[in-house]
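This report refers to the structure that appears directly beneath it.
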């Protein structure tokens, strides 16, 4: 294997990208802050609660069902990450890749069925 | 390899079996699954193969230790009757998690790539964090889970850092390549990096097997964890950890053995002393067993310090005999503590009168743990010490034997409580399956003690 | 040299060898499983019968043993095989193991029969016989095994049985503590034994006797390895055979039922240490330093324990210290390389000490459990058989001819005389004290007036047949047992010595001088005369004090009692008291108080206390707070890293 020699200079593009990303965020936030119209009033400065007057502390226990839903969302969302490369290389991977993907999706599906049957997504 | 796949599939099937109305089928089903896995596991005997681009190698070492661990789980589960009777809604999940964690354990003994070792450790550990907290309404169980998680993730971080340094130095995760790098250290200036990596990995694994001075979690976690899962922790997790450790030091870092040897010996001695002395002062039987498991990790570490014809078999034999005795001891504890409050020695008072079978099984287990001849535990220590003497570590054996004299004290305390005190309660109800298992475990212990030759030249 | 002759009917022999230990084991299984369910008659039949059949089989083996052969081994199966380590499950039948077999099964059987009477009222009858059978099984493994591993298994097995039987009356806490003490002390000794086995394996590549002993002479005499091995083996023997400083468990072990004391703590188990040294005699012959050490420890134990025994008031305690003292004699004999003499004393001691213990048991039985001799007296009318048999035992242990103890003890003293005159003098002193305390025991128990309660007097009775019969058999053995080893002045044919001779050929080749020469007859007569006279003087002194003057030891620890004792004497007695009894008594109690209670016990307990203290330290670290755990862990990691870089 060829042993490449890296100098700090070679990392410049990464730094540039970092700066660009951070810069964009900073820029967007700064600009909206600066150019947006601002009207302060007592009502407006209150925490927004669907127009209902705020009650109690914001840091109250939240039903675990929120978290369960969120976690399940993440798990099923992540599967897409595996599907993209497969889709790109669909032809190259051929039947074997297809079968592997079927297995993967089958397992995921089994999980989904399990979740449904277990009643995790039932709100009450 | 097949055993890993089968375990995963069976675990999933088992989850769905949990939706059936009656949970009575679960236990027989899991036992049958495990029996199948146990049998299939031996298909790879004398047929070493690499899988997944040299990620896993199933050789005789892996098969033998997998067999011991699958057997352990099959021996533990019959004591879960109280979960079935109380209609615990999560029973299927418990069984499945244990089966999934077994996959991690098997990966730990068959890794060919240290990434797989790490994955195996994590699969096993995360399952254990969950099981530690499986009694959600119990404060102690929650505390155990949280402690285990916090400390475990800390150790994981250290372990992973160690792996990263090793990778950085050697340029590979493959154990053969790391081994060849570490045995040719004169040619590189990356040695310090490698050495620190090795030390950190040592520390990480020592945490996982509960070796001193990284043992602090053990008593607290073992005590809070529901007994059934404590059994699993002190048998399967320990076996997997030691086997992985053995492979790590002798297959991955053999070239550096002059470097890690003193550290390992120091840890071994410390573990022996702290485990045995800690156990002697406990008033709770379960906590005593936690310290006892630390002590036994120490004896197993002795085998790790020697590498010769005997050591591999000695570790295997020790793991098997320790597992059998520990399962019996915890099994009796579970049965008794389900019906009498507490986990102290006093709870066993007069058990010899009310439940001769339980008392007998416990006595046999204690004798084996205390290494009384004609039980498996005697030869377990005999082989370990023999291999250490062969490697020239006489003084280490002296310490170990002295410490095992201390162990008589705390193991026989429960025996005395059972036979020499007045009973404190009614006869403890024992279901048929558990009774059968206890008889089986006792007989097995004796067989190991009388015909040790049947078990100690597999590898 | 070490040709092992295998008899032609090999399979039959193997079966017999297997049956001898197996039968008691079967007895154990039957009695153990049927505990509390089987009727007492069945338990007795199984318990005694199995040992009796073993005894008969042993006799058969003994008769069919080819004269002059070096013995044979029968391999039952291949037991352990790892790498180059191969340990077969095999029995070694030679002169040593044959006689031990006869002793263990024979005396074992007699004591089983005795127990059937002694324990007849005990609720744990079945359990007791199960343990006794298990003990016989372990002991047989110990003596029959053909390698050190099997000896160790038996060694630990008898330790476990002794633990179970000492704690047999397990409702009482002191008994439990005695049992625990015995077990832990033995484990300390076992540490030495186990290490020795490993060292033997390291040095010779095998633990089988025949292989080790044929290879043994390849190392130079007094090489460090041989010395280390023999010393470590001896540490094991010190624990099991109750030698200084590991002897304190034996007097405490008297908490067990009396038949147990007779069988385990007098006749068989405690002689396992002697057996082990005899078995390894080749190794010991090659280690003169160890031999000297053995002799010194043996002599010190003999004198020390005898002096403590002088003024004990518990009848069983006297016998216990006496046992320790006699074991010291045996080691003394081993130390001066009088191997067969030592074994001779093992045999005669087994007869008369078992007899004395069983006799004491009979007395205790008659006294409804009373063990304090101050509350006995005048029992010879109520217990005639016990009295006569115990008198024979006492004459035997004191070394009065023609009883068994005379010949063996005299032979030991003769060998010691040749080795070292000072040691001989001390040996004689121990012999004097032995005679004194034994006659004191006899006089206090059987002579004078009865000092017990009225209720006890009413209850006095001779023991049943099953108890007196064993006493009579043992009394006969104690009387004639000595004739198997007549000293050279009476007969050139020392039958035991000749029989055992093939065992020691290797030792003899290594060190011919130690075996060769004989002293002239005049010296021999003189030595005999001296020891008999010394024993008689001691007996007479005891008679004067305890029969003529009817003095009874005062309650322990009361100064007035001692004064009273002195005041009630004539002038000569006062003189005797102040110049002999008082210092000796002071020394005796002093040794007991200061050495045993002041040095040895604290060291043993200190080990426990260090353990506990260390544990408490650990408890502080184990606070339960995750933060401190993590901190300790990090400290550990840093320590490891730093040490690793400082150390290089």
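The values are calculated or read from the model by the stated rules, or taken from the named source; none is laboratory data. Because the structure is a prediction, the values reported are computed rather than measured. FYI the Cβ positions are ideal-geometry reconstructions off the backbone, even for glycines, and counts take in every protein chain you see.
Odds and ends about this structure:
- Condition met for residue B:126 (closer than 20 Å to residue B:244 by Cα, crowded, with 21+ Cβ neighbours inside 10 Å and away from every other protein chain (no Cβ under 13 Å)): no
- Of all the numbered requirements in (1) exposed (fewer than 10 other Cβ atoms within 10 Å of the Cβ); (2) within 24 Å of the chain's Cα centre (by Cα); (3) in a helix (DSSP H, G or I), residue A:65 misses one, and that requirement is (1).
- Evaluated against (1) more than 9 Å from every other protein chain (Cβ to nearest Cβ); (2) more than 18 Å from residue C:25 (Cβ to Cβ); (3) at pLDDT 80 or above, residue C:195 falls short on exactly one condition, (1).
- The condition (being within 16 Å of the chain's Cα centre (by Cα) and at pLDDT 90 or above) is satisfied by just one residue among B:369, B:270, B:333: B:369.
- Only residues that are in contact (Cβ under 8 Å) with a residue 24 or more places away in the chain and over 25 Å from residue C:76 (Cα atoms) were counted across region C:133-169, and they come to 7.
Conditions tested, residue by residue: (1) more than 20 Å from residue C:150 (Cα to Cα); (2) over 16 Å from the mean Cα position of the chain (by Cα); (3) modelled with pLDDT under 80.
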| site | (1), (2), (3) |
| --- | --- |
| C:206 | no, yes, no |
| C:226 | yes, yes, no |
| C:229 | no, yes, no |
| C:241 | no, no, no |
| C:244 | yes, no, yes |
| C:249 | yes, no, yes |
| C:256 | yes, no, yes |
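- The one condition in (1) in contact with a helix residue (DSSP H, G or I) (Cβ under 6 Å, 6 or more places away or on another chain); (2) assigned to a helix (DSSP H, G or I) that residue B:353 fails to fulfil: (1)
- Positions within region B:262-271 being within 11 Å of another protein chain (Cβ to nearest Cβ) and touching a residue at least 40 places away in the same chain (Cβ under 8 Å), in sequence order: B:263, B:264, B:267, B:270
Yes or no, residue by residue, for (1) within 13 Å of another protein chain (Cβ to nearest Cβ); (2) touching a helix residue (DSSP H, G or I) at 6+ places or on another chain (Cβ under 8 Å); (3) within 16 Å of residue B:410 (Cβ to Cβ); (4) assigned to a helix (DSSP H, G or I):
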site: B:273; (1), (2), (3), (4): yes, yes, yes, yes
site: B:292; (1), (2), (3), (4): no, yes, yes, yes
site: B:296; (1), (2), (3), (4): no, yes, yes, yes
site: B:304; (1), (2), (3), (4): no, yes, no, yes
site: B:317; (1), (2), (3), (4): yes, yes, no, yes
site: B:330; (1), (2), (3), (4): no, yes, yes, yes
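For every residue, the table says whether it meets (1) surrounded by fewer than 21 Cβ atoms within 10 Å (Cβ to Cβ); (2) more than 15 Å from residue B:351 (Cα to Cα); (3) free of Cβ contacts under 8 Å to residues at least 12 places away in the same chain; (4) out of contact with any helix residue (DSSP H, G or I) (no Cβ under 6 Å at 6 or more places or on another chain).
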site: B:386; (1), (2), (3), (4): no, yes, no, yes
site: B:395; (1), (2), (3), (4): yes, yes, yes, yes
site: B:402; (1), (2), (3), (4): yes, yes, yes, yes
site: B:409; (1), (2), (3), (4): yes, yes, no, no
site: B:418; (1), (2), (3), (4): no, no, no, no
site: B:423; (1), (2), (3), (4): yes, no, no, no
site: B:427; (1), (2), (3), (4): yes, no, no, no
site: B:436; (1), (2), (3), (4): yes, yes, no, yes
site: B:441; (1), (2), (3), (4): no, yes, no, no
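- Members of region B:419-448 that are within 14 Å of chain C (Cβ to nearest Cβ), over 25 Å from residue B:45 (Cα atoms) and modelled with pLDDT of 85 or more: B:439, B:442, B:443, B:446
- Being at pLDDT 80 or above, within 20 Å of residue C:32 (Cβ to Cβ), surrounded by 23 or more Cβ atoms within 10 Å (Cβ to Cβ) and within 10 Å of chain B (Cβ to nearest Cβ) is a description that does not apply to residue C:162.
- Counting residues in region B:47-69 that are within 14 Å of chain A (Cβ to nearest Cβ) and touching a helix residue (DSSP H, G or I) at 6+ places or on another chain (Cβ under 7 Å) gives zero.
- Residue count for region B:389-408 satisfying the condition of being part of a helix (DSSP H, G or I) and within 9 Å of chain C (Cβ to nearest Cβ): 11.
- Contact map, region C:176-189: residues that are at the interface with another protein chain (Cβ under 10 Å from one of its Cβ atoms) and at pLDDT below 75 paired with residues that are surrounded by 20 or more Cβ atoms within 10 Å (Cβ to Cβ) and not in a helix (DSSP H, G or I), Cβ distance under 6 Å, separation 6+ or inter-chain. Pairs shown: C:176/C:167; C:179/C:167; C:185/C:246.
- The residues on offer are B:15, B:7, B:20, B:26, and the sole one that is surrounded by fewer than 17 Cβ atoms within 10 Å (Cβ to Cβ) and under 20 Å from residue B:80 (Cα atoms) is B:20.
- Number of residues in region B:362-386 that are more than 17 Å from residue C:191 (Cβ to Cβ), facing chain C (nearest Cβ under 9 Å) and part of a helix (DSSP H, G or I): the value is 3.
- Note on region B:131-146: residues that are assigned to a helix (DSSP H, G or I) and in contact with a helix residue (DSSP H, G or I) (Cβ under 6 Å, 6 or more places away or on another chain) total 7.
- Some residue of region C:102-124 being touching a strand residue (DSSP E or B) at 6+ places or on another chain (Cβ under 9 Å) and in a helix (DSSP H, G or I): no
- Subset of region B:178-198 [more than 20 Å from residue B:161 (Cβ to Cβ) and part of a helix (DSSP H, G or I)]: B:179, B:180, B:185, B:186, B:187
- Filtered residue count, region B:210-260, keeping only those that are assigned to a helix (DSSP H, G or I) and within 14 Å of chain C (Cβ to nearest Cβ): 13
- Residue in region B:147-154 that is under 23 Å from residue B:57 (Cα atoms) and either part of a helix (DSSP H, G or I) or at pLDDT 95 or above (or both) present: no
- Flag for residue B:196 being more than 19 Å from the chain's Cα centre (by Cα), within 14 Å of chain C (Cβ to nearest Cβ) and in contact (Cβ under 8 Å) with a residue 24 or more places away in the chain: yes
- Hits in region A:93-124 (condition: farther than 30 Å from residue B:89 by Cβ and either exposed (fewer than 14 other Cβ atoms within 10 Å of the Cβ) or touching a residue at least 60 places away in the same chain (Cβ under 8 Å) (or both)): A:94, A:95, A:96, A:98, A:99, A:100, A:102
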